[in-house]
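Please treat every number below as a calculation from the coordinates, not as lab data. All values derive from a computational prediction rather than experimental measurement. Backbone-built Cβ (ideal geometry, glycine too); neighbour counts: all protein chains shown.
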Amino acid sequence: MLHEYREVISKLKVENAHFAKIFEKHNELDQKITDADEGRAHISDAELETMKKEKLKLKDEAYALIIAYKKEHNL
C-alpha cells in the first residue's frame, strides 16, 4: 500500500497508533481478498465487494494521514 511513501509509513506506524491500526486492517483485508481471488477462500460476491470498499476507504484514510504528516514535518 502506497509504496512511494515507505519511509513516512514506517515512521507513522511507530508514532501513530491509529495509523498502525488502519495499516494492519488494510493488509488483513488485502490478504483475504487475495485469498478469495485465488480460490483459497470462498466468500460471496457481495462480501468480497464490501471488503474491497472497506479496503479502499482505509487506504484513503491512510493516505490522508500520510499527507498530513508530510505537511506537518515539511517533507
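The set of residues from the stretch 12-49 being surrounded by 13 or more Cβ atoms within 10 Å (Cβ to Cβ), assigned to a helix (DSSP H, G or I) and either over 15 Å from the mean Cα position of the chain (by Cα) or hydroxyl-bearing (Ser, Thr, Tyr) (or both) comprises Asp35, Ala36, Leu48.
Applying a threshold of 7 Å to beta carbon distances and a minimum spacing of six or more residues, or different chains, the list of pairs starting in the stretch 33-55 at a residue that is touching a residue at least 24 places away in the same chain (Cβ under 8 Å) and ending at one that is in a helix (DSSP H, G or I) reads Glu54/Leu29; Lys55/His26; Lys55/Leu29; Lys55/Asp30; Lys55/Ile33. For the stretch 13-34, check the following and say yes or no: at least one residue is in contact with a helix residue (DSSP H, G or I) (Cβ under 8 Å, 6 or more places away or on another chain) and of a type in the set (S, T, N, Q). For the stretch 13-34, residues in contact with a helix residue (DSSP H, G or I) (Cβ under 8 Å, 6 or more places away or on another chain) and of a type in the set (S, T, N, Q): present.
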